[in-house]
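The values are calculated or read from the model by the stated rules, or taken from the named source; none is laboratory data. For clarity, every value in this text was computed on a predicted model and none was experimentally measured. As a convention, Cβ positions derive from the backbone with ideal geometry for all residues, glycine included, and neighbour counts pool all protein chains shown.
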């Protein structure tokens, strides 16, 4: 039996850094584009610079915080219902 | 010209004949049914057909308009994809159940009166419970039992509502119902239970992760979305639905972050997505209903895709918990890519299907100036990317290397996943075909520069938060645990009741018995009639009072064991229901 092919791209720390670097660059690009957009909005606060970026970041961080609190409240042993 | 068959009939009659075929012929036959149903849809005449008289009312099997047709298309499409995905399954029971389930969903979609709606509604519940049982584990059998009880309860509410509806309004035909009286409230509860509206949602994350690999694909598509269809038809513009929907988009994402079973993460995100639809129904404008239908269409495809790719992982490795998986991209790249396409779609990334459909609902909310709801939906949009978009692919295919080196799933599974992934991207890039089947004319352009950049910012900075939290180690680690949900409020009192019948009630019986004994001994000192009194006392206290708790304990035992005595439980539910039913009839006579 021939050995299975394996992808190993993300095994090296260098490649992982590279992926992250492109990710950060794309974030910066998104922030810069924001200032050159014609904004057609429903609500006035959507016009604030980078509103969506800020909201997305805050939403996700608070999501994790609340989820951690929720875990304190609802987590039980795996055999709780048995 | 003879009119086309009701599409449900093709599936239902077809399902019965499945066991007649073997091997390749069976696979071919299974694929033929959805294709036939799809062709049939093209020839369905508009308006009502296949009506028959039933008692004083009429049964309408085909009520065709743009709303029902759109759901009909996507149900048939997903049945086709799901059938391909399950072609390797040898178990006929699963094929029969899946096909009848699809038939039930189509029956609900095209039913024009409440009686036939109810029949197909219950058929769906019965067929889907088989898809959980077919996993054939202790765990899934118990889950199937709970699932069945929930849907039995919902179905009974619906039936009670329908009967009241018929009595008060004198017709079984329905269109817009609106929440006005007891009848509509009962119907509303029945529909909401199937749409997994809080607090009737807990059956979903309980049962779906325990269904079979292939069954979960059908389940993710049919039950909730047929309920969404029926809510969109009967209760549009309902404020309760608006807020319930907004709440549904938010609360499951917290659970999704801490849950370990990857299919359970998807189950919670399913509730979150249905929340967008329920919210749209709550607004009820033309734009919103268009959004609901479009989102249901796209959602069925990408959610099935996610369930298919995680199912493929479960099928190949036997594992599905985040704690057991990781690094699977190395040997399952195709599945990983499909999963990521599904993840990008559910997150509403530009160029993927979720983007062109969710935008409609969010725009409808903005147009109706519900500021708080708008913020909730935006929060949910960022949150869904966080768990379904990143967490699922990351913990299964990347993350830490679990050492598992599994092969790609069978050919038929890959074909099905590839098809679904293709549709996700196709509709994301070219939404015109989707927009053309929506109930109302569409005047909406999803791809404006601002909208694309705004959405990308929302998602990418959510991803940034994920990256930072993972790297800092603050992200809640995957843990094996049970996370309580609203079903606790049903399961715990039930357990307490059963325990009460077993221990304290019998203890009381024993006390009474000893007391009877002492009384009877006292009578013995008086010679007259003591024997007779003793006999009567004995019968009254001993037989009646003492044995009675024993009997109760015996009767509730099936409830405790949740074992094969399903029929008993059906009896338990039926008896109070029949009493309720009689009471209702007496009141509304």
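General observations
- A single entry from B:383, B:418 fulfils the requirement of being within 11 Å of chain A (Cβ to nearest Cβ) and under 19 Å from residue B:343 (Cα atoms): B:383.
- Residues being assigned to a helix (DSSP H, G or I) and within 9 Å of another protein chain (Cβ to nearest Cβ) - total across region A:13-45: 9
- Beta carbons closer than 7 Å, at least 6 apart along the sequence or on distinct chains, pair a first residue in region B:433-457 that is more than 14 Å from chain A (Cβ to nearest Cβ) with a second that is outside any helix (DSSP H, G or I) for B:435/B:442.
- Taken as a whole, the structure places residue B:460 among residues that are part of a helix (DSSP H, G or I) and without any contact (Cβ under 8 Å) to a residue 24 or more places away in the chain.
- Test result for residue B:276, touching a residue at least 60 places away in the same chain (Cβ under 8 Å), assigned by TED's automatic domain parsing to the domain that holds residue B:386 and over 30 Å from residue B:88 (Cα atoms): yes
- The sole residue among B:161, B:178 that is farther than 20 Å from residue B:266 by Cα and assigned to a helix (DSSP H, G or I) is B:161.
- If only residues of region B:473-490 that are away from chain A (no Cβ under 11 Å) and either outside any loop (DSSP other than H, G, I, E, B) or in contact with a strand residue (DSSP E or B) (Cβ under 9 Å, 6 or more places away or on another chain) (or both) are counted, the one that is surrounded by the most Cβ atoms within 10 Å (Cβ to Cβ) is B:478.
- For region B:347-359, a residue qualifies if it is closer than 13 Å to residue B:427 by Cα and either modelled with pLDDT of 95 or more or not in a helix (DSSP H, G or I) (or both), and the qualifying residues are B:348, B:349, B:350, B:351, B:352.
- Test for residue B:466: is it more than 9 Å from every other protein chain (Cβ to nearest Cβ) and touching a residue at least 12 places away in the same chain (Cβ under 8 Å): no
- Selection status of residue B:376, more than 11 Å from chain A (Cβ to nearest Cβ), in contact (Cβ under 8 Å) with a residue 40 or more places away in the chain and either part of a helix (DSSP H, G or I) or in contact with a helix residue (DSSP H, G or I) (Cβ under 9 Å, 6 or more places away or on another chain) (or both): no
- Qualifying residue in region A:46-56 (condition: farther than 22 Å from residue B:363 by Cα and more than 8 Å from chain B (Cβ to nearest Cβ)): no
- Unmet requirement for residue B:252, which otherwise passes all of (1) touching a helix residue (DSSP H, G or I) at 6+ places or on another chain (Cβ under 7 Å); (2) within 14 Å of chain A (Cβ to nearest Cβ); (3) in contact (Cβ under 8 Å) with a residue 60 or more places away in the chain: (3)
- Only one of the numbered conditions (1) closer than 23 Å to residue B:499 by Cα; (2) at pLDDT 70 or above; (3) in contact with a helix residue (DSSP H, G or I) (Cβ under 9 Å, 6 or more places away or on another chain) is not met by residue B:540, and that is (1).
- Count - residues of region B:445-455 that are farther than 16 Å from residue B:353 by Cβ and in a helix (DSSP H, G or I): 4
- Among the residues of region B:379-399, those that are closer than 25 Å to residue B:242 by Cβ and touching a helix residue (DSSP H, G or I) at 6+ places or on another chain (Cβ under 6 Å) comprise B:379, B:380, B:382, B:383, B:384, B:385, B:386, B:387, B:388.
- Checking the stated criteria, residue B:196 turns out to be outside any helix (DSSP H, G or I), closer than 26 Å to residue B:252 by Cα and in contact with a helix residue (DSSP H, G or I) (Cβ under 9 Å, 6 or more places away or on another chain).
- The one condition in (1) crowded, with 19+ Cβ neighbours inside 10 Å; (2) part of a loop (DSSP other than H, G, I, E, B) that residue B:15 fails to fulfil: (2)
- Put simply, of B:323, B:335 the only residue that is in contact (Cβ under 8 Å) with a residue 60 or more places away in the chain and touching a helix residue (DSSP H, G or I) at 6+ places or on another chain (Cβ under 7 Å) is B:335.
- Scanning region A:57-72 for residues that are under 30 Å from residue B:482 (Cβ atoms) and either outside any helix (DSSP H, G or I) or more than 8 Å from every other protein chain (Cβ to nearest Cβ) (or both) returns A:62, A:65, A:69, A:72.
Conditions tested, residue by residue: (1) at pLDDT 85 or above; (2) surrounded by 13 or more Cβ atoms within 10 Å (Cβ to Cβ).
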| position | (1), (2) |
| --- | --- |
| A:21 | yes, no |
| A:40 | no, no |
| A:49 | no, no |
| A:56 | yes, yes |
| A:67 | yes, yes |
| A:70 | yes, yes |
| A:77 | no, no |
| A:82 | no, no |
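- Boolean, residue B:266 is outside the structural domain of residue B:133 (by TED's automatic domain parsing) and either surrounded by fewer than 24 Cβ atoms within 10 Å (Cβ to Cβ) or touching a residue at least 12 places away in the same chain (Cβ under 8 Å) (or both): yes
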